[in-house]
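Trainee: Below you will find the structure I want to go over with you.
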Amino acid sequence: MAERLAGKAVADAMKDELANKVQELKAKGIAPKLGIIRVGARPDDLFYEGGAKKTCEVIGMEYEVFEYPADVDQATFEKAVTDVGANKSVNGILMFAPLPKHLDEAKIRSLIPVEKDVDCMTLGSAAKVFADDLTGFPPCTPTACMDILKFYNVPLKGKKAVVLGRSLVVGKPLAMLLLREHATVTICHSRTENLPAVCADADVLIAAVGRAKMVKADFVKPGQVVIDVGINEDPDNPGKYVGDVDYAATEPIVDKITPVPGGVGSVTTVVLCKQTIQACEMQNGLA
Ligand code: NAP
C-alpha cells in the first residue's frame with residue numbers, strides 16, 4: 001500500500017510558517033497584501049478565490065478583490081490592471097484567466113508588474129523561471145508540486161522525473177523547477193511515443209494532462225512517487241472530481257501518491273500567499 005501524500009499536512013505546516021512571517025512583517029510596519037483581479041463570476045474562479053481569501057484570513061494577510069463585469073472593455077480593463085499594478089499597498093497579483101474572448105489577454109497580462117506577478121502571468125516571469133532567476137515567481141501549481149515533494153522528503157537529485165503535460169501553466173515550469181533540483185527531466189505530451197513505458201521508467205511521475213484517470217497501472221512501477229495535478233470531473237460519478245491518475249489502479253503498485261481531491265489542489269492557494277509574502281519582502285528590501 002502506497003504512502004498517501006496528503007496536501008493538507010503540507011498546507012498546514014506552510015500556513016503556520018506564513019502566519020509567523022506575516023506577524024514579523026507587521027511588527028516592522030509592513031502589511032503584505034494580495035490583489036485579486038477577476039472579470040465576471042465564473043464558478044471555478046469564485047471557488048479558487050474563496051480558497052485564496054480563506055488562506056489569507058488564516059495567516060492574517062490582507063487581500064482585496066478587484067472585480068469587473070464580464071463585458072468590461074479593453075481600455076477600461078487595461079487602465080484597471082495598470083492601476084492595481086501601481087497600487088503600492090498590493091504586493092502580489094492573482095488575475096483569473098482565461099479572460100473573456102473580446103479582451104486582448106496577452107496585452108493585459110503584460111501590464112502586471114513582474115515583481116508582483118505571483119502566479120507567472122507574464123513572459124517576464126516565465127523567462128526568470130527558465131533562467132533560474134529567483135526574483136521571478138513560477139506558477140503556483142508547479143510550486144505546490146515541489147513543496148509537496150520537499151515536505152515528504154522525496155529525493156530528486158540525479159533521479160528520473162517524468163512530467164506528463166507541457167502547458168505553460170504546469171508542465172513546462174514544473175520541468176524547470178525539477179531541473180533546478182538536479183532531477184533528470186523528461187517532458188511528455190500528446191505526441192510522445194510509448195507513453196506508458198516512458199512514464200513507468202520514472203522515479204517521480206507528475207501527471208498534468210487534464211484527462212480523467214488516464215494514468216493506469218502500465219504507466220507506473222514499484223518504488224515510484226506519483227504526483228497527480230489533474231482536476232477532472234469523474235466520468236463515472238458526475239459532480240465528483242478525480243485526477244489524471246487512476247488512483248485505484250496505481251496506488252497498490254507505487255510507493256507514494258497524492259490523492260485527488262486533497263493533494264496538489266490543497267497547497268496552491270497557500271503557495272499564492274507564500275509568493276505574495278516573498279514579493280512583499282523583496283519590494284521592501286528584506287529578501
Ligand atoms: P492543458 O493546458 O490542457 O495541457 C495538457 C497537456 O497534456 C498538454 O501538454 C497535452 O499535450 C497533454 N496531453 C493531453 N492529452 C494527452 C494524452 N492523451 N497523452 C499525452 N499527453 C496529453 O492543461 P493544464 O492547464 O496543464 O492542466 C492539466 C491538469 O491540471 C488539468 O486537469 C487541470 O484541471 C489541472 N490543474 C490543476 C491545478 C491545481 O491546482 N491542482 C492547477 C492547474 C491545472 P499537447 O501539448 O501535445 O497538446
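The values are calculated or read from the model by the stated rules, or taken from the named source; none is laboratory data. Please read these numbers as outputs of a predicted model, since none were measured by experiment. Glycine gets a Cβ as well: all are built from the backbone with ideal geometry, and neighbour counts include every protein chain shown. SASA here: full protein model, heavy atoms, side chains in, ligands and nucleic acids out. Shrake-Rupley method; radii C 1.70, N 1.55, O 1.52, S 1.80 Å.
Trainee: Between the DSSP loop rule and a limit of at most 15 other Cβ atoms within 10 Å, which trypsin sites (Lys or Arg not before Pro) in the range 132-236 are left?
Mentor: Details: sites: 150, 157, 159, 160, 166, 180, 191, 211, 213, 216; in loops: 157, 159, 166, 191, 211, 213, 216.
Those that pass, being in a loop and sparsely packed, are 157, 191, 211, 216.
Trainee: Here is a follow-up. For the range 6-21, take each phi angle, set θ = phi - 60°, evaluate the Karplus expression 6.51 cos²θ - 1.76 cosθ + 1.60, and give the result in whole Hz per residue in order, putting x for glycine and proline.
Mentor: 6, x, 4, 4, 5, 4, 4, 5, 5, 4, 4, 4, 5, 4, 4, 4
Trainee: Continuing with the same structure: Show 109, 42 ordered by accessible area, largest first, where the area counts protein heavy atoms only and the probe is 1.4 Å.
Mentor: Values: 109 65, 42 90 Å².
Of 109, 42, the descending order of accessible area is 42, 109.
Trainee: For the range 27-113, what percent of Cα pairs sit more than 19 Å apart?
Mentor: Details: 1465 of 3741 pairs.
Roughly 39 percent, rounded to a whole number.
Trainee: Okay, moving on. Rounded to the nearest whole Å³, what is the per residue volume of the convex hull around the Cα atoms of the chain? If you can, show how the numbers build up before the last one.
Mentor: Details: hull volume 37.1 nm³, N = 287.
Spread over its residues, the Cα hull of the chain gives 129 Å³ apiece.
Trainee: How long are the semi-axes of the ellipsoid equivalent to the range 101-148, from square roots of 5 times the Cα gyration tensor eigenvalues, in whole Å, largest first?
Mentor: Details: eigenvalues 89, 33, 13 Å².
The three semi-axes for the range 101-148 are 21, 13, 8 Å.
Trainee: Which percent, to the nearest 5, of DSSP beta bridges fully inside the chain are antiparallel?
Mentor: Numbers: 2 of 31 bridges.
Bridges in the chain that DSSP calls antiparallel: roughly 5 percent.
Trainee: In the range 174-259, what GluC sites (Glu not before Pro) fall in a loop by DSSP, with at most 12 other Cβ atoms inside 10 Å?
Mentor: Working: sites: 181, 193, 233; in loops: 181, 193.
Sparse-neighbourhood loop GluC sites (Glu not before Pro): 193.
Trainee: Arranged from highest to lowest average of other beta-carbon atoms within 10 Å per residue, in what order do the peptides 1-8, 244-251 appear?
Mentor: On the way: 1-8: 15.8, 244-251: 20.2.
Top to bottom by mean Cβ count within 10 Å: 244-251, 1-8.
Trainee: Provide Rg and Dmax in Å for the range 1-65, with only Cα atoms included in the calculation.
Mentor: 14.7, 49
Trainee: Would you tally the net charge around residue 226, using a Cβ to Cβ cut-off of less than 14 Å, leaving residue 226 out, and scoring K and R as +1, D and E as -1?
Mentor: Values: positive: 4, 159, 160, 213, 216, 221, 256; negative: 3, 201, 203, 218, 228, 244, 246, 251, 255.
After counting each charged neighbour, the total is -2.
Trainee: Please report, in debye to the nearest 20, how large the charge dipole of the range 1-87 is about its Cα centre when each Lys and Arg carries +1 at its beta carbon and each Asp and Glu carries -1 there.
Mentor: Numbers: 12 positive and 16 negative charges, 70 e Å.
The calculation lands at about 340 debye.
Trainee: Hey, another quick one. Need one value: the accessible area of residue 76 in square angstrom, 1.4 angstrom probe, rounded to the nearest 10.
Mentor: So the heavy atoms of residue 76 present about 70 Å² to solvent.
Trainee: Name the long-range amide H neighbours of residue 65: under 5 Å, sequence gap of 5 or more, or other chain; modelled H, no Pro or chain starts.
Mentor: 36
Trainee: Check which residues have an amide H placed less than 5 Å from residue 241's amide H, if you skip close sequence neighbours.
Mentor: The list, which skips near neighbours in sequence, is 234.
Trainee: Accessible area per residue of the range 128-209 at 1.4 Å probe, in Å²? Intermediate results must be reported in sequence, preceding the final value.
Mentor: Details: 3840 Å² over 82 residues.
Accessible surface, normalised per residue, equals 47 Å².
Trainee: Something else now. Please list, in order along the range 268-284, the HN-Hα scalar couplings obtained from phi with the Karplus expression 6.51 cos²θ - 1.76 cosθ + 1.60 (θ = phi - 60°), rounded to whole Hz, x for Gly and Pro.
Mentor: So the J values, rounded to whole Hz, are 5, 6, 5, 5, 4, 5, 4, 6, 5, 5, 4, 4, 4, 4, 5, 5, 9.
Trainee: Another one. Any lysines with Cα under 17 Å of the residue 79 Cα? List them, leaving off those in the same chain fewer than 8 positions away.
Mentor: Partners found: 88, 107, 116.
Trainee: What are the radius of gyration and Dmax of the range 140-264, computed over its Cα atoms and given in Å?
Mentor: In Å, with Rg to one decimal and Dmax whole: 13.1, 41.
Trainee: Tell me, what HN-Hα J-couplings in whole Hz come from the Karplus equation 6.51 cos²θ - 1.76 cosθ + 1.60 at θ = phi - 60° for each residue of the range 225-235, using x for Gly and Pro?
Mentor: With coefficients 6.51, -1.76 and 1.60, one gets 10, 10, 10, 10, 8, x, 9, 9, 5, 6, x Hz.
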